[in-house]
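Before any comments, here is the structure.
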Amino acid sequence: MVWGWNVPRWKELPDSLDERAQKLVVQLRRLKDHSGMSLSSLQSKTGYSRSSWERYLNGRALPPRQAVEELARVGGVDPTRLLVLHEVAEEAWRREPDTSRRSDPSESRGARRTVVIGVLVAVVLGGLAAGLLVLAPWENGDSGTPSRGVFTYKAGKTYPCEVKQKAGRLYAGYSTTSTALLGGPGWDVVEAQCLLRHLGFDPGVVDGVYGPNTTQAVKHLQDKAGLPPDGLVGPRTWQVLRK
């Protein structure tokens, strides 16, 4: 038996396609290949047409969030990572001037379902057990605050919050990121926790751990801001936190 005959020969993605969008498309292609399903099968199992999947998987249109969830469902994988990639890709797509590759709003199918983020919590707990060290993303010069170096989680250790406004944006002095995807412990999480508290959403203790209390606070913030309340912090949620 010769392996690989049924694996589709994917077209090269457009050179103009943003790298962040390419990462999403590549992962969707891999999941589709792993599932062994044809485009016609995807149509029958997900409710999105064959022609739609052709556009999504060839980088000509951004798939709706729910299409990503449906592909993860029929592929038997947790959608969390794919949805984080989708949020980042959507941010890039929004800035893409080529309207032929923008998301098709007519294919959005109602309210977005809340994502269970148990995988992220497991990553956090696993990282703590392993004594995970996370490099601080702080870049010298962005705010005039020196680098904080390596973040090391210590049980019972908490951090003070002093939020200030600079150039119309809020900063707590632990990170300047507006794009980091939060998961394991780190300075980005401390920053987000301080901003949540400043905006009136209680994350619990400010310890740099993205646990259940922080997740719930993020969901409340997202719901109030009109974002999908999935508890995942990406570019759009950072935009709200920094206001």
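The values are calculated or read from the model by the stated rules, or taken from the named source; none is laboratory data. Not measured: the values here are computed from a predicted model. For neighbour counting, all protein chains shown are included, and Cβ atoms are generated from backbone atoms with ideal geometry for every residue, glycine included.
Some points to look at:
- Each residue in the range 25-56 was checked for being in contact with a helix residue (DSSP H, G or I) (Cβ under 7 Å, 6 or more places away or on another chain) and closer than 17 Å to Ala92 by Cβ, and 4 of them qualify.
- Within the range 193-203, being surrounded by 17 or more Cβ atoms within 10 Å (Cβ to Cβ) and not basic (Lys, Arg) holds for Gln193, Cys194, Leu195, Leu196, Leu199, Phe201, Pro203.
- Qualifying position, being on the phi > 0 side of the Ramachandran plot and hydrophobic (A, V, I, L, M, F, W, C), among Ala167, Ala180, Ala155, Ala172: Ala167
- Just so you know, in the range 38-96 the residues that are under 23 Å from Pro235 (Cα atoms) and aromatic (Phe, Trp, Tyr) include one that is modelled with the highest pLDDT, and it is Tyr56.
- Verdict on Val115 being modelled with pLDDT of 80 or more and buried (at least 19 other Cβ atoms within 10 Å of the Cβ): no
- Qualifying position, being under 28 Å from Ala92 (Cβ atoms) and in contact with a helix residue (DSSP H, G or I) (Cβ under 6 Å, 6 or more places away or on another chain), among Leu199, Leu182: Leu182
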